[in-house]
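Worksheet: one structure, shown below.
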Amino acid sequence: MIPIDNNTILLMSLVFFRVGAIMFALPIFSESTIPLTVRIMTTLALSIGLYPLVSITWQIPTDLGVLQIA
C-alpha cells in the first residue's frame, strides 16, 4: 500500500505528467482512433507501475537557494 501524503501526490503527479507527455508523443497513441479515456488510463497504469521505481531515489530538495532569482 502506498502512503498518501503531500510528497506522494507531488511525485505521482510528476511521474504521471512525464509518462503522459511521452505517451501522447508516440505515433500510436496520438492518433484519434484510440479514445482519450483509453490513453489516460494507460498512462495512469504505467505511472502507478513506475512510481515505486522513482520513489526510492527521489527526495524533496530542502535548499532552494539555487532556484532563487536575484
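Just a few scattered comments:
- Unique match (being modelled with pLDDT of 80 or more and more than 25 Å from Asp5 (Cα to Cα)) among Ile34, Ile40, Ile69, Ile48: Ile34
- Within the range 32-45, residues that are over 15 Å from Ser13 (Cα atoms) and assigned to a helix (DSSP H, G or I) have Cβ atoms under 9 Å from residues that are among the hydroxyl-bearing types (Ser, Thr, Tyr) and open to solvent by 40 Å² or more (accessible area, probe 1.4 Å) in these pairs: Arg39/Ser30, counting only partners at least 6 apart in sequence or on another chain.
- Residue within the range 8-31 that is open to solvent by 90 Å² or more (accessible area, probe 1.4 Å), part of a loop (DSSP other than H, G, I, E, B), polar (S, T, N, Q) and modelled with pLDDT under 90 present: no
The values are calculated or read from the model by the stated rules, or taken from the named source; none is laboratory data. Small disclaimer: the values here were computed from a predicted structure and weren't measured. In this analysis, Cβ positions are derived from the backbone assuming ideal geometry, glycine residues included, and neighbour counts consider all displayed protein chains. All accessible areas refer to the heavy atoms of the entire protein, side chains included, with ligands and DNA or RNA removed. Shrake-Rupley method; radii C 1.70, N 1.55, O 1.52, S 1.80 Å.
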